[in-house]
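Chemist: Submitted below is the structure of interest, expressed as structure tokens.
None of the figures in this text is laboratory data; all of them are computed from the coordinates on show. Because the structure is predicted, anything quoted here is derived from the model rather than measured. Cβ: placed from backbone, ideal geometry, glycine included. Neighbour counts: every protein chain shown.
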Amino acid sequence: MRNFIRHPSDIPIEHKHSNSMEYTKEKLKNIGHGGLSFNSKVSIETGTTINLKIHLRKPAFKATGIVTWCNKTGDHYEVGVTFNNEHTGFGVRMVEQICHIEHYKREILKKEGRILNGKEAAEEWIKKNAAAFPR
């Protein structure tokens with residue numbers, strides 16, 4: 001059963017696996033405690049160990065996982081990754097919240113014309129949403 005928090009596909013993610021020499025930039029599709037999925041221009045074989053980076057804050061969130069599925073969708077692939085380290089869970093939780101906060105910043109700018117820095121957005125988002133954030 002999937003317990004991912006859905007995010008619009010606009011958060012950048014980088015991945016590198018055993019068959020690639022460099023990180024490839026793609027877009028995150030969703031993320032949750034047990035893993036994530038992202039859009040990819042290429043197919044990645046199930047069972048492949050994959051290194052991930054998400055640069056929403058410094059230092060970048062880094063994790064290693066296993067590709068558990070890869071499905072062709074239109075002109076790209078959706079790749080599902082399961083994390084294989086229980087310590088990754090805390091980091092994923094932080095990335096989930098950062099994704100929500102980044103989206104909140106954009107939403108406030110669009111709706112209210114206010115420009116929030118990271119701290120202001122985090123404080124407002126936490127006050128409004130932290131109690132309802134899935135555990």
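Chemist: What is the set of long-range amide H partners of residue 13 at a cut-off below 5 Å, with H atoms built 1.01 Å from backbone N?
Modeler: 26, 27, 28
Chemist: Exposure proxy check: 99, 70 ranked by fewest other beta carbons within 10 Å?
Modeler: Starting with the residue having the fewest Cβ neighbours, the order is 70, 99.
Chemist: Once phi is turned into θ = phi - 60°, what whole-Hz ³J(HN,Hα) does the Karplus curve with 6.51, -1.76 and 1.60 give for every residue of the stretch 119-124, x standing for Gly and Pro?
Modeler: With coefficients 6.51, -1.76 and 1.60, one gets 5, 4, 5, 4, 4, 5 Hz.
Chemist: Right, here's the next one. So which lysines can residue 72 reach, going by Cα to Cα under 16 Å and dropping same-chain residues fewer than 8 places off?
Modeler: 27, 29, 41
Chemist: What are the residues whose amide H is under 5 Å from the amide H of residue 69, where those residues sit 5 or more places off or on another chain and H is modelled from the backbone?
Modeler: 80
Chemist: Oh, and also: Report the net charge of residues surrounding residue 13, where surrounding means a beta-carbon distance below 10 angstrom and charges are Lys +1, Arg +1, Asp -1, Glu -1.
Modeler: Taking every other residue near residue 13 into account, the sum is +2.
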